[in-house]
Amino acid sequence: MSAAPDSDYREALTVLQRRLDDHFLRLKRERAEAAPGTPVFALEHGLTDAELALVRSTVLTAVKRGDLPRDRGLPFVVYAAEVGYEYSGDEYWQTFADRTPGWWLLGDPARQYMRNQYRRFRDNYSGATPVGPWAKKFSIICWPITHAVLPTDLQRHLARLLYDFSRLLTAGLLSDPEALGQRLAAQAWQSSARLQAFAQNTNLLGQVATALLAGEDEDESPLLLPSTLTRIVDDLSKESETRRWLLDAKYRASKVRTHGLQRASFSRPELTRRAADRPVATNPTLSVREDSDGWSLFLELPDLVSLAGRLPEVGDEMAQLRPNVQGVQRRFGSGQLLYPGQQVRVQQWPAVDRPLIQLERGSELANRMLADHCVLSPGPSWLFRLRDKNAGVEVRGKIVRPGHRYLLVLPSPFADVPTWMTQAWMATNGVSGYLLAVPEELDDSTLSIIRQFGIAAVMDVELRPVGVVAAAWDGEGAAEWLEGEEALVAIRTSRAVSTCLLGLDDQPSVIKWPTDSNELLLRLNDMAPGRHGLSVSLMTEEGTPVAAGTLEFAIRPPQLSPTTGTPRQGLLLLPSPASPTLDEVWDGRAAVQILGPPGGKARLAVTLADRRGRALTQPRQITVALPIDAAEWLHTFATQFRGQSEIHKAYEQAETCVISASAPELGTLTLRCDRAFVPLRWAFRRDKDGPVLSLVDNTDGVQAALAAYDFARPCEAKNVDLPPGEQLRWPDGGLVVATAGSMRAASVMPPFVRHLDDLKAAEPQLPQLTKVSADVLHVVQFANLWGSAALPDDPIGAIRRNEVLQTFARALTWVLAGQRWVRAEEAYVGRENGSLRSLRDAIGVEIAYQQQLASALADAAPVLMQCDVSARVTAFANELAAHARPLGVDGVDRPYAEFLLRLISEPGTLADWPRESLEALIRRAFDAPLLVRAARFVVVTTLAAQDTGSAFAGWIWE
Amino acid sequence: MGVEVVTPAEVAASAVAMLGLDAEAVDITSPEALAASLRRAASFLCPAAPRVVIRAVNDTLRGLPGYTDDLRSDLESALDALVAVGDVLELAARDDVRQRQLFLGPPAFVRRDSGMCLLLGIRADGAPLVSDDLAMRVDCEEHLRRLRSDDSLAERLVQEGLVELKADQWLKSPRSEEASEHLATYQERLAAVGESGPLDGVRLIDPASRPTYYTGRWREPKRADGGLFVARRPQGYGAELWCVVEVVAGDVRRGIDLPPGFEIAAGADYAWRLQAAIDSLNGTPQRFAVRASSRPGASVLDLFSPIPSWAQRRLDVVATPIVRSRGALFSYGVPNDELEEEVTFLKEMMWLTERSDEGEF
């Protein structure tokens, strides 16, 4: 075939349509036979280079002529998939239009045409259907991108994911693409934003991954057309590092496949399934330690990645929201539930009738799943084996052995303490502790006391891992091994035994005890992932049972180490949220804690790169003292990186930011943050004529409605007319908002500063507010619109936006705290005739409790100045609990304290709080203006000395 | 799924294979297997006190061929070697700077002039340090893992997430000084701190004891004791702290914990060098011995006392750890052309002298 002249394009379309129809019908039949249920992709067109060139020229001609024939859509489907294969980032239509002159002129009907053709492809050829939240957001471009199978910009990320994941491969996963896709998706949360979106289609991910992992010497994969698979592998292998990752993953898969087949012949499927039905527990590990305050409970955050994999929507919440652990004072950062292994001290023993771990403002589903999957072992007693003087781990099976030491924790004191029990001083509140030195000989009265606590005594038999250290072992009766490892167990007894009656997952077997040993060694073969139980009963020659014991164990997949490290390492990056975007890091909405040995030093580097991965800046490096908490991070990033001109200039072109922390002794860790992957966004640049905004619109073609707001009139919308593909210039600047269906994109437009006069700005004016909830909510919504808008890197734009945000907070202060307070605050801020004392008195001095609250807050101000926002909320809640009872504050009400502080510092951050509870909280604020004044006092007296990028310096809310 | 009865020898062979070693070449209580077992235990247990890691391994080896009650001290020595080389790090605990715990050392490698790469570090949760095809080429000797280099090895290791450490950075050692000068530094530091309250559980190194039997040098303070001692004291859930103490009539009057300040290095590095200075000034310097090796062009260097990580790393780079000689704490096979330089280094930095009397141990 040769290139189509203009006049012949319709004939060429007909020929190509027929050629592709034959091909895809054949492929549909073959696939249904070889891999039922596996879809066909448009990229599997099987065309030669010459044929593909003809498709391109024919489609270009048709588009130029505005001819999109309904009955000859296959060349268009293939063409769009080819564009999808090569594009990167989020500008699909931009790329498409650049390569297809005349496309913009066809407008929205052309996009609809493309979607309809893909739907026909799905119906006629069992074509793939885009799925996942991403596909809902990008409802048209999801089709060509899905049909591109694995776009080139994802190949490197998928190769890395396969390499990292290859350790977790099993024969079962390799023969079940759907399950493999789900498991890979669960691990993709730390990968690039684009790969995360791709991974939402777990079937496609599994299909592609299985095909890529097929062995060299195996038959062709039935999951993808061989020529398409070869093309992807060739492209993926262009870079040596990516090629190596794929080769290693394939090598591991090949080994697993061979080994897995051998094992399969010995397995008993019904038992394998039964064990797998019982997923590995995700309960936190408990331990106790003694220090000068007494014994404290410690809790280790469990690995919840498997839960996130099974329920992606729950995983999204875990990545974004802040976890609360019952009884723990420490405030976690948002998303930190996805970083397992962190050990936290528990101040108040958790109540068993309340969920142990919950997400702040999490959905009912997410919190119910957490309540079900992360539970404290049932009370009313808890037992810890003390193998060290000052430390122990929980014995979940609640068994004791003669001669061993334990810490027993009870909900209330025990009256008749025997001599082998002594009271232990508990630093964790709400329980009583007792040290048990279990006697070597257990008489009936001792056994009776032990049983009172719901504890059993095990004598004369011991079951334990042998050979290699198990992945977990509590020292008494609970163990874990990794998938693919042999579970080796020793059974030891001091009694004369003839027979051992075994029950492995309730399957009995009888084993003769070795005559020359007090130990019997077992290998547990081919245990399926999940929970298992091994029970042992030892019998004498006469058949008398003399000892019995159990081993509860789990076979679990290994945890993958993220590039940000694990708590087992000396250095650890802890981002909040779990996988922040470049925008969040830049705007200070994300923080990165760097944990390491106190006093140690690390090199912190930030590099910005474009969408092809090319560095836009030399890595900027500074030395930091460890550890770095969230507040220090925000300050360090703002001053040492964001404020640096080279980084600052490159920001608008950057698609990725790589943050790395390294120390020769501690290693190197990295965090990659991509631009948010959204269907509607503003792109900013600047030229000689000033700032320019252009709208990147990948929504389903509905024309976006535009509105603009002046800095001086931040609540008054003006209409904007911006034809598709045109750029927006606005010398005065303000806020521009694009809305398409449920999507919204807002950006601050910095003013164009040519002369000093351009720096002058009118003070923002708001409509008159009245004391009604609706007005407050109105301000909250507008503050959210301004506060969450993208902020191009421009200092004047930032200053103007902050003035607007401060105006919102001041307006609420005026309406909620009263004029007298506003005057006192103005005097204090201006230092004309105001002082801290007069501001303190303006809180309220009429009644004793008012004075006490005001004095306490004034005393705390210097300390609060050094704290992060979370600690200030806690301190404020404590002061309210101590002094504001007459105003209806009953105990430590942290959410109320947080509400007040947010309301008068950055009200926009309340916009996503549930409306009903927000209205109730606003009514409470109207009823207690003194508390609003108190909150405002805390804000204005603890402003950070240096700008941290927030409306009120140092008050950055997550 | 099924249960199979196995013999202790079969368990040992399975365990060696699970540790990634050749069951035909090494047994489960060999130094190589002990080091691998400790690395595996650390990958699941860190951050943890050394005793927790050692106990976990000891418990799983009980009853297997080669197990004796002395194995615990072998495990202690092996763990010290892993700390020295950087496979595990002894650092202040995150939630309490007074406690010191073991953390996993970062995956890294050091290139040697000979073309070999030393592999360092441990990955969490039992993950192998390198991919399977590289793992098959790793040569384990005592606590060391080495890989013969080729043109692309360094690139491969970096692709697999290992960081290359420059040899001079990894081998960085403190400045050379006289033993008296070194001791005086600690005397001054000790004089500058106030008297501490009573310290429970202190064990100290008896300077009058034979420096060639390290394990036997530890004891509790006695009434007759006076002066400056290297000591250890228990500390909550963490590792026993290394310290320097001033003792008067058997009572500990004051002390400083090691490492001084917030250094990342292990406390033992400071303690062992200080003890070497004390022994040297007491006229009973710590010893080394050199003897002929069965390997042509090499000699055996025996050491009878522990040495700091910066001294051990030098030997790890130029020499080969070998089965220890009778009475020695550890032994290295050193190429003859490197021997003089290494011996000179030990003499200058640790004030060691060569053992001349066969009857000394």
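Which positions within the range A:596-616 get 30 Å² or more of their accessible surface covered by the other protein chains, compared to the chain by itself, with a 1.4 angstrom probe?
At a threshold of 30 Å² (probe 1.4 Å), the residues of the range A:596-616 that become less exposed are A:Pro597, A:Pro598.
Label-point separation (nm) for A:Asp859 and A:Ser498, each offset 7 Å from Cα along Cα-to-Cβ?
So the label points at A:Asp859 and A:Ser498 sit 7.8 nm apart.
Apply the a/c threshold of 1.5 to the C-alpha gyration tensor of the range B:32-156 and tell me whether it is rounded, prolate or oblate.
On the way: a/c = 2.11, a/b = 1.37, b/c = 1.54.
In terms of gyration-tensor shape, oblate.
DSSP loop chymotrypsin sites (Phe, Trp or Tyr not before Pro) in the range A:367-455 with at most 12 other Cβ atoms within 10 Å of their Cβ, which ones? Each step should come with its number before you reach the end.
Details: sites: A:Trp382, A:Phe384, A:Tyr406, A:Phe414, A:Trp420, A:Trp425, A:Tyr434, A:Phe453; in loops: A:Phe414, A:Trp420, A:Trp425, A:Phe453.
The qualifying sites are A:Trp425.
Per residue, how much accessible area does the range B:1-119 show when a 1.4 Å probe rolls over the protein heavy atoms, in square angstrom? Let's see the in-between values first.
Working: 3980 Å² over 119 residues.
Value for the range B:1-119: 33 Å² per residue.
Please give, to one decimal in nm, the separation of the simple spin-label points placed at A:Leu836 and A:Glu313, each 7 Å out from Cα toward the Cβ.
Placing both labels 7 Å beyond Cα along the Cβ direction yields 5.0 nm.
Please state the charge dipole magnitude for chain A, taken about the Cα centre, from unit charges on C-beta atoms (+1 on K and R, -1 on D and E), reported in debye and rounded to the nearest 20. Let's see the in-between values first.
On the way: 102 positive and 115 negative charges, 208 e Å.
It works out to roughly 1000 debye.
Based on alpha-carbon positions alone, could you give the equivalent ellipsoid semi-axes of the range A:444-584 from the gyration tensor, as √(5λ), descending, whole Å? Don't skip to the answer; put the middle values down first.
Values: eigenvalues 313, 74, 33 Å².
One finds semi-axes of 40, 19, 13 Å for the range A:444-584.
If you roll a 1.4 Å probe over the heavy atoms of the protein chains, what accessible area per residue do you get for the range A:367-515, in Å²? Display every interim value, and only then the final one.
Details: 6310 Å² over 149 residues.
Solvent-accessible surface per residue comes out at 42 Å².
Give me the Debye-computed log₁₀ of I(q)/I(0) at q = 0.13, 0.18, 0.23, 0.26 Å⁻¹ for the range A:525-610, equal point scatterers on Cα only, no solvent, two decimals.
Values, matching the q order: -0.70, -0.94, -1.18, -1.29.
Binning at 10 angstrom from zero up to the longest distance, how are the C-alpha pair distances of the range A:118-211 distributed in percent?
With 10 Å bins starting at 0, P(r) equals 16, 51, 27, 5, 0.
If you take the beta carbon distance between A:Glu826 and A:Tyr849 as r and set R0 to 30 Å, what does 1/(1 + (r/R0)^6) give as a FRET efficiency, to the nearest 0.05? Show your work: numbers first, answer last.
Numbers: r = 26 Å, r/R0 = 0.88.
Once rounded, the FRET efficiency stands at 0.70.
How do the peptides A:751-757, A:891-897 rank, highest first, by the average count of neighbouring beta carbon atoms within 10 Å per residue? Could the numbers behind the result be given before it?
On the way: A:751-757: 12.3, A:891-897: 17.0.
So the order, starting with the most tightly packed, is A:891-897, A:751-757.
With +1 on each Lys and Arg Cβ and -1 on each Asp and Glu Cβ, and nothing else charged, work out how big the dipole of the range A:856-951 is about its Cα centre, in Debye to the nearest 20.
Values: 9 positive and 12 negative charges, 40 e Å.
Charge dipole, the range A:856-951, about its Cα centre: 200 debye, nearest 20.
For the protein assembly as shown, what % of the accessible area comes from carbon and sulfur atoms, probe 1.4 Å? Kindly include the intermediate steps, with their values, before the conclusion.
Details: 27200 of 54540 Å².
Answer for the protein assembly as shown is 50 percent, counting heavy atoms of protein chains only.
Please work out the C-alpha center-to-center distance from the range A:354-400 to the range A:783-807 and express it in whole Å.
Each part reduced to its Cα centre gives a spacing of 44 Å.
Where in the range A:614-722 are there GluC sites (Glu not before Pro) that are in a DSSP coil and have at most 15 other Cβ atoms within 10 angstrom of their Cβ? Please list the in-between numbers first.
Working: sites: A:Glu632, A:Glu646, A:Glu652, A:Glu655, A:Glu665, A:Glu716; in loops: A:Glu655, A:Glu665, A:Glu716.
Passing both the DSSP loop test and the Cβ count: A:Glu716.
At the nearest 100 Å², what buried accessible area, both sides summed, do you get for A and B when the probe is 1.4 Å?
Values: alone 42480 and 17800 Å², together 54540 Å².
For chain A against chain B, roughly 5700 Å² becomes buried.
Per-residue Cβ counts within 10 Å, from other chains only, averaged over A:12-21: what number is that?
On the way: counts 0, 0, 0, 0, 0, 0, 0, 0, 0, 0.
Going residue by residue through A:12-21 and averaging, the value is 0.
Expressed as a fraction of 2.2 N^0.38 Å, the rule-of-thumb size for a compact globular protein of N residues, what is the C-alpha radius of gyration of the protein assembly as shown?
Details: Rg = 34.6 Å, N = 1319, 2.2 N^0.38 = 33.7 Å.
Cα-based Rg divided by the globular estimate yields 1.02.
Can you give the accessible area of A:Met539, probe radius 1.4 Å, in Å² rounded to 10?
Looks like 40 Å² after rounding.
Any chance you could check the range B:217-253 for residues losing 20 Å² or more of accessible area when the partner protein chains are in, compared with the chain on its own (1.4 Å probe)?
Going by heavy-atom accessible area, the residues of the range B:217-253 that drop by at least 20 Å² are B:Gly236, B:Tyr237.
With N residues in the range A:784-931, what two-decimal value do you get for its Cα radius of gyration over 2.2 N^0.38 Å? Walk me through the intermediate numbers first.
Numbers: Rg = 16.1 Å, N = 148, 2.2 N^0.38 = 14.7 Å.
The range A:784-931 yields a ratio of 1.09.
Once you have a ≥ b ≥ c as the square roots of the Cα gyration tensor eigenvalues for the range A:449-522, tell me rounded if a/c is under 1.5, and otherwise prolate or oblate according to whether a/b is larger than b/c.
Working: a/c = 1.62, a/b = 1.04, b/c = 1.56.
It is oblate, given that a/c is not under 1.5 and a/b is not larger than b/c.
Rounded if a/c is under 1.5, else prolate if a/b beats b/c, else oblate: with a ≥ b ≥ c from the C-alpha gyration tensor eigenvalues square-rooted, which is the range B:184-261? Before the final figure, lay out each step's value.
Working: a/c = 1.38, a/b = 1.19, b/c = 1.17.
Judged from the Cα gyration tensor, the range B:184-261 comes out rounded (a/c under 1.5).
If R0 is 22 Å, what FRET efficiency do you get for A:Glu485 and B:Ala9 from their C-beta distance, rounded to 0.05? Could the numbers behind the result be given before it?
Values: r = 19 Å, r/R0 = 0.88.
Efficiency for this residue pair is about 0.70.
Grab the DSSP H runs of chain B that are 4 residues or longer, score each as -39,500 (n - 2.57), total them, divide by all residues and round the 222 nm result to the nearest 500 deg cm²/dmol.
Roughly -10500 deg cm²/dmol at 222 nm, from the helical runs in chain B.
Return the equivalent ellipsoid semi-axes of chain B as a descending list in whole Å, where each equals the square root of 5 times an eigenvalue of the C-alpha gyration tensor. Mind showing how you got there, number by number?
Numbers: eigenvalues 227, 121, 89 Å².
Semi-axes (√(5λ), whole Å): 34, 25, 21.
If I model a spin label at A:Gln423 and A:Arg885 as a point 7 Å from the Cα along the Cα→Cβ vector, what separation in nanometres do I get?
A separation of 2.7 nm, rounded to one decimal place.
Estimate the FRET efficiency between A:Arg65 and A:Arg26 by the formula 1/(1 + (r/R0)^6), using the beta-carbon distance for r and 51 Å for R0, to the nearest 0.05.
Values: r = 31 Å, r/R0 = 0.61.
Once rounded, the FRET efficiency stands at 0.95.
Taking only DSSP H segments of four or more residues, each worth -39500 (n - 2.57), what value at 222 nm results for chain A once the sum is divided by all its residues, to the nearest 500 deg cm²/dmol? Please list the in-between numbers first.
Details: 31 runs with 367 residues, N = 958.
It lands at -12000 deg cm²/dmol.
What residues of the range B:1-27 lose no less than 20 Å² of accessible area with every protein chain in place versus their chain by itself (probe 1.4 Å, heavy atoms only)?
With the partner chains in place, the range B:1-27 has these residues losing at least 20 Å²: B:Met1, B:Gly2, B:Val3, B:Glu4, B:Val5, B:Val6, B:Val11, B:Ser14, B:Ala15, B:Met18.
Taking each residue of B:102-109 in turn, how many C-beta atoms of other protein chains fall within 10 Å of its C-beta, and what is the average?
On the way: counts 2, 10, 9, 5, 12, 4, 4, 0.
Across the residues of B:102-109, the mean count of other-chain Cβ atoms within 10 Å is 6.
Which of the trypsin sites (Lys or Arg not before Pro) found in the range A:43-109 are in a DSSP loop and have at most 13 neighbouring Cβ atoms, other than their own, within 10 Å? Could the numbers behind the result be given before it?
Numbers: sites: A:Arg56, A:Lys64, A:Arg65, A:Arg70, A:Arg72, A:Arg99; in loops: A:Arg65.
For trypsin sites (Lys or Arg not before Pro) across the range A:43-109 that sit outside H, G, I, E and B with at most 13 neighbouring Cβ atoms in 10 Å, the list reads A:Arg65.
Probe of 1.4 angstrom, ligands and nucleic acids ignored: what's the accessible area per residue over the range A:684-746, in square angstrom?
That works out to 49 Å² per residue.
With point charges of +1 on the Cβ of Lys and Arg and -1 on the Cβ of Asp and Glu, referenced to the Cα centre of the protein assembly as shown, which listed residue (A:Phe782, A:Gln423, B:Val5) lies farthest in the positive direction of the dipole?
A:Phe782
How much length, in nm to one decimal, is gained on full extension between A:Val892 and A:Asp757, taken as 0.36 nm per residue of separation minus their Cα-Cα distance?
Working: separation 135, 0.36 × 135 = 48.60 nm, distance 5.08 nm.
That pair, A:Val892 and A:Asp757, stretches by 43.5 nm at full extension.
Of A:Leu524, A:Leu666, B:Pro128, whose Cα points farthest to the positive end of the dipole of the protein assembly as shown (charges on the beta-carbon: +1 Lys, Arg; -1 Asp, Glu; origin at the Cα centre)?
Value: A:Leu666.
Gain in length, A:Val510 to A:Asp460, computed as 0.36 nm per residue apart minus the alpha-carbon separation, to one decimal in nm? Before the final figure, lay out each step's value.
Details: separation 50, 0.36 × 50 = 18.00 nm, distance 1.90 nm.
Here the answer is 16.1 nm.
The values are calculated or read from the model by the stated rules, or taken from the named source; none is laboratory data. The structure presented is a predicted model; accordingly, all values stated were derived computationally and were not measured. Every residue, glycine among them, receives a Cβ derived from its backbone with ideal geometry; neighbour counts consider all protein chains shown. What goes into the accessible areas is simple: the full protein's heavy atoms, side chains included, and nothing from ligands, DNA or RNA. Shrake-Rupley method; radii C 1.70, N 1.55, O 1.52, S 1.80 Å.
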